[in-house]
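Contents: one structure, followed by commentary.
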Amino acid sequence: MLKVAQPDRPDALTWVFLGLGLLLLPVGLYLALSAPPDVNQGYLARIMYLHVPGAWLGYLAFFVTFLYSLLYLFRQDPRHDRVALASAEIGLVFMGLALVTGMLWARPTWGVYWTWEPRLTTTAILFAVYVGYFLLRGAIEDPELRRKAAAAVGILGFINVPISYMSVKWWRSLHQTQSIDLTTGKIHMDPAMLQALLFNLFVFTLLYLGFVRFRSLLAALEARKEEA
Amino acid sequence: MKLPVEGWPEAAGQGRVGVVRRVVLLALRDLRLEVRDRAGLLSILAFFAVMLFIMALALGPEEEPLRRAAPGVLWVALAFGSTLLSTRAFALEVEEGTLDDLLLAPGGKEWIYFGKLLFQMLLLLPLAALALLMAAGLFYLPLERLFLLFLTLVLGVLGYASVATFYAGLLARLRGREVLLPLLLFSLVVPVVLASVRATTGLAEGLPVAEISDWWQLLLVFDVVYLTASALLFPVVMEG
């Protein structure tokens, strides 16, 4: 069978990612809700099973945007730009989820929904940068200039990701430090909680992969329509 | 009208000296045009004056709230004011059709970026110093540590100008760039403005230097990253 250069429908892998992700989402929720309560925070800590994967996938998505923006600038292939766009959009959704769950957690813990401490501030800035990314994309008509300008934001904006991640260590911040520290590899967490967290992380990653593939395809279809 | 520039370094083979001369020549030429034109400079000065005056009226007249607000007001004024000038780095080149001439010059293209950046810095720094004096007058901002305040100004303005120059070049040929550029710049330079405000606040409150140096380090990191990334990306995005 001949392979079509630009398929009209999502391929099998996309459906596998999406299907498996959606199927396992209730399992992840079950694990999260049956995980033992935290010593200090009690049942409130369970919001972490949404909050942490959301934030991580947000970071990961922006990293993918960064990579594909670089690729686009050096290869000038519109496909790379479409992946960057898709990843930024999904990243914004996950980051939004992390922000909202964080606020819901902060209200009973700190007494306020929002406070201007370093982690929250840097995350809000990160969010604003990628909102700007889409404002920019919407504002430029010429497709090539739009892709170039967006790629530049995708690259320059990424610097905020490591700063946001490290902010809880660099400044003595109100936000608690990482329970799974990627820079030192230390884990400060009960195995039962860790299992639930990692499972949710896995589910979110599946969903992310599925969404990005799906969104890139949509972008490709849009681009084809624009050209025609 | 194209200004004749004496001793324009010819080829790429001249090495580092040639490139530095090119950068300086480009910056000085732009500065000369800007100073002759006056309209941009006068408008930004008027903007600073009006903005600081209105903020002082809105927040005053007690001394304490004014003093507390001073660093924030100063940097907001600088951030907004600089956007008025950011498009000017490439506006004249496009109007006169000389941008292509610049891009066609043999050798790399980074020097154009650095020349324009130097121009922006030479333009913005005196203006920023003036704004600092105005803020000191209207908002009781203490000027005892003038040198450190100026260091903060340099670091902050450099972080801002490095991104602004890059995007001004990228969007030079785009219609409606005056609206788009500030929108885009603000989200990228928020960390720079934030760190500058914190450093200035620390200086105004008389904190020891050790406590403020964190913010300078952050500013420096942003400056270096933005500057390097912009200089590397500039030739890539200006091609074609």
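Okay, here's what the table says:
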quantity	calculated
Centre separation in Å (Cα based) which lies between the range A:97-146 and the range B:159-207	18
Angle between chain A longest axis and helix A:143-156 axis [Cα atoms, degrees, rounded to 10]	30
Pairwise centroid distance, computed over Cα atoms, of the range B:23-48 with the range A:20-88, Å	47
Two-site FRET efficiency, A:Ala124 against B:Phe147, from Cβ-Cβ distance with R₀ of 25 Å, rounded to 0.05	0.15
Packing-based ranking, highest mean first, of A:71-81, B:217-227, A:33-43 given that Cβ atoms within 10 Å are counted	B:217-227, A:71-81, A:33-43
The protein assembly as shown: calculated mean residue ellipticity at 222 nm from DSSP helix runs of at least 4, using -39500 (n - 2.57)	-27500 deg cm²/dmol
Within 10 Å of each Cβ in B:187-199, the average number of Cβ atoms from other chains	4
³J(HN,Hα), Karplus 6.51/-1.76/1.60, whole Hz, each residue of the range A:33-42, x for Gly, Pro	7, 9, 5, x, x, 6, 4, 8, 9, x
Length gained when the stretch B:Glu178-B:Leu92 is fully extended (0.36 nm per residue, less Cα-Cα span)	29.6 nm
Reach of A:Lys169 by Cα under 14 Å, taken over aspartates and glutamates that are not fewer than 8 positions away in the same chain	A:Glu117, A:Asp181, B:Asp214
Shielding by other protein chains, B:223-235, mean Cβ within 10 Å	2
Helical segments meeting 15 Å axial Cα length and Kyte-Doolittle 1.6 threshold in chain B (DSSP H)	B:39-59, B:110-139, B:146-170
Inter-chain shielding of A:119-127 (mean C-beta neighbours from other protein chains, 10 Å cut-off)	2
Sequence-distant aspartates and glutamates (8 or more away, or on other chains) whose Cα lies within less than 17 Å of A:Lys225	A:Asp8, A:Asp81, A:Glu141, A:Asp142, A:Glu144
Charge dipole (debye, nearest 20) of the protein assembly as shown; +1 at Cβ of Lys and Arg, -1 at Cβ of Asp and Glu	500
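Any read-out appearing in this document is the output of simple, stated calculations on the displayed coordinates, not a laboratory observation. If you're wondering where the values come from, they're calculated on a predicted model, not measured in any experiment. Positions of Cβ are backbone-derived with ideal geometry, glycine not excepted, and every protein chain shown enters the neighbour counts.
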